[in-house]
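Below: the structure, in structure tokens.
The values are calculated or read from the model by the stated rules, or taken from the named source; none is laboratory data. Just so we're clear, the structure is a prediction, and the values are computed from it rather than from any experiment. Note that each Cβ is placed from the backbone with ideal geometry, even for glycine, and that neighbours are counted across all protein chains shown. Accessible surface is based on the protein model in full, side chains and every heavy atom, while ligands, DNA and RNA are left aside. Shrake-Rupley method; radii C 1.70, N 1.55, O 1.52, S 1.80 Å.
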Amino acid sequence: MRYLYERMHWLVLAFATVALILIAAFGFHATSRFAESAKWVAHTHQVETMFARIRSNLFASQDALVAESVTSDPSFHTLYTQSESALAADVAQVRELTADNPAQQSRLDNLEGLIKSRDAALTNLIASTPSSPAPPQPQTHQEYQRDRFMAGQAPTIQALAVLDEMLADEERLLA
């Protein structure tokens, strides 16, 4: 009987040891999955932040160039240049962050093309601005003002639509 009693202690000890090892293994697995999920959530939020920065720099560069054409103040061109370089850096960072997603890479190619198109439209309009225009007729002046503020508007709207698609894709991944 004593032998059975001693043997029972060893069985309980072995069972407890196996149970602790299994609990530790499952705990480690659950913790590593949680850490991986948290990493991807943080990554998605970082990409979304970059989308907001791209959106902001799109508007900032366009506004700076239009303000330069209206005021002829060269300091606005500096703001335009800064916004454009920040925009290019942000797009490059999003490209790195989404390197594993071919759909996002395709949208980024489209976005870069739209940004170049917008820049060409804006710089062409500003380059064609006379340095000291004679006061145009009222209708011509109104058309000129409208053209100045609408230059690059279509590519900007399309770029924003691409950004919205990319954001929707990231939100889908987050869910």
Working out 0.36 nm times the residue gap between residue 56 and residue 43, then minus their Cα-Cα distance, what length gain in nm do you get to one decimal? 2.7 nm
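Where the accessible area of the range 1-72 is counted over protein heavy atoms with a 1.4 Å probe, how much of it, in %, is carbon and sulfur?
Working: 3940 of 5390 Å².
Heavy-atom surface of the range 1-72 belonging to carbon and sulfur, 1.4 Å probe: 73 percent.
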What is the spin-label model distance, in nm, from residue 36 to residue 143 if the labels are put 7 Å beyond Cα along the C-beta direction? 6.3
Just grab the label-to-label distance for residue 85 and residue 106, each label 7 Å out from Cα along the Cβ direction, in nm (one decimal). 3.5
With r as the distance between the Cβ atoms of residue 116 and residue 167 and R0 = 25 Å, compute the FRET efficiency 1/(1 + (r/R0)^6) and round to 0.05. 0.75
